[in-house]
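Q: Here it is, the structure in full.
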Amino acid sequence: MSQPCSPPFHRPSSFLRAALLVYVFLIVYASLYPFSGWQFAGIFPLAYLYAPLPRYWTWFDVLINVAGYVPLGILLATAVSPRLRGFKAFIFALIAGTLLSLAMEGLQAYLPSRVSSNLDLMTNAGGTFIGAFLGTVLSQLIFREDRMHYFIQRWLRFTSSRVLIIPMLWPLAQIYPQNYLFGHGEIFPVMSEWLSAFLGYPVDLSLKVMGGVQLTAEQYWLSETIITATGLTGAILILLCVLQKTAPRILLAGLMLAFALLFKVMACALFFEPKNALVWLTPGAIGGLLVGFLMLFGLIFTPAPVQRRMAIYMLLICLVTVNILPDNQYFVSTLQTWSQGKFLNFNGAAHFMAMIWPFMALWFLFRSIVNLRYSK
């Protein structure tokens, strides 16, 4: 007797739920950034709900608040499938996203640098509404096995297109200004700030690890070359190791790098001045790009397991180096011209992405190695 045809793909997606968790952390980080000066000002946290609408606002603020919650609505509506579908998934996503915004605006009452706003709550709820609607549609049209089967069969080594999420997030991680090109994962500065606030005196973990040694200009140049080369090589290798030989690997890798540099140029022109759009293109960064191209030229046609392990080595070298080095004084002087102002929410999200991306990438690489071992 012939077996009945299997129904469309409707298994719960652990990846979408993990992505939802990461995005919720991103929203929390962006909403409560910079996490300093907590105090009770004698105002009820939800008093903003009854306040009049703000007199001064810009369309930029409105669009950013809406756009920031659209992905949340999409993830909420798709991550609960198949337990909730259609209208039920839409309602759940709308309520959950609105409650999250309600909580974030309430907690901002304890931060002197933030202002709770009912307009922010409404725009965030509007973004959640749009995302929830899109998510219910996408869960039926796109997140199905029959829709992605040809693409997965022809281009990817894995059984799901979700493996492309980590490489796709790398260009977005370039938006936040950093000490070194492709130098993501700087957690020591954040930990130093938290320890300084907790202990009551300044703490610099990088100086403690380096024993207070100050680098010369040539050593900074060499350090930036190492960070740029290893960061570039590790990121591109992640993309290459998930693509089959039938995929246009060189073209996709080139597009990934082009988008990363484009976002870097646009971010520097927006945050600083247009004349500083290429401020990141230092001699060390140029040297790192050249060294990275040479390493990739030798690794692009190696087997996927080799690319996977080399990506881990490169990212670990980059992560350790960028954290133990003291701040680049040239970058610090440039950063002093950066006025965050109305970009505060956006900067918090961008900072979170730049800080967490290498850890997400390493988790993905280690997890893929373990899964391949168990599948044999």
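Q: Evaluate the following for LYS275: is it over 27 Å from MET191 (Cβ atoms), modelled with pLDDT under 90 and either not in a helix (DSSP H, G or I) or not hydroxyl-bearing (Ser, Thr, Tyr) (or both)?
A: Here the answer is yes, as LYS275 does meet what is asked.
Q: Regarding segment 353-368, can at least one residue be identified that is polar (S, T, N, Q), under 18 Å from PRO167 (Cβ atoms) and at pLDDT 70 or above?
A: The answer is yes; a qualifying residue exists.
Q: Looking at segment 80-104, which of its residues are modelled with pLDDT under 85, among the small types (Gly, Ala, Ser) and either in a helix (DSSP H, G or I) or touching a Lys or Arg at 6+ places or on another chain (Cβ under 8 Å) (or both)?
A: If the condition is that a residue be modelled with pLDDT under 85, among the small types (Gly, Ala, Ser) and either in a helix (DSSP H, G or I) or touching a Lys or Arg at 6+ places or on another chain (Cβ under 8 Å) (or both), then GLY86 is the only one that fits.
Q: Please go through segment 69-92 and pick out each residue that is of a type in the set (Gly, Ala, Ser) and crowded, with 18+ Cβ neighbours inside 10 Å.
A: Across segment 69-92, the qualifying residues are GLY73, ALA77, ALA79, SER81, ALA89.
Q: Something else now. Counting only residues that are surrounded by fewer than 16 Cβ atoms within 10 Å (Cβ to Cβ), at pLDDT below 75 and hydroxyl-bearing (Ser, Thr, Tyr), which one in segment 13-68 is farthest from PRO358 (Cα to Cα)?
A: For segment 13-68, the residue satisfying everything is TYR56.
Q: Let me ask something else about it. Is it the case that segment 111-122 has a residue that's surrounded by fewer than 19 Cβ atoms within 10 Å (Cβ to Cβ), within 23 Å of PHE25 (Cβ to Cβ), at pLDDT 80 or above and not assigned by TED's automatic domain parsing to the domain that holds ALA349?
A: No, every residue in segment 111-122 fails to be surrounded by fewer than 19 Cβ atoms within 10 Å (Cβ to Cβ), within 23 Å of PHE25 (Cβ to Cβ), at pLDDT 80 or above and not assigned by TED's automatic domain parsing to the domain that holds ALA349.
Q: Considering only residues that are surrounded by fewer than 19 Cβ atoms within 10 Å (Cβ to Cβ) and not aliphatic (A, V, I, L, M), which ones fall in segment 222-248?
A: GLN244, LYS245, THR246, PRO248
The values are calculated or read from the model by the stated rules, or taken from the named source; none is laboratory data. The structure displayed is predicted, hence computed values, not measured ones. Please note: Cβ atoms are built from the backbone with ideal geometry, for glycine as well, and neighbour counts cover all protein chains shown.
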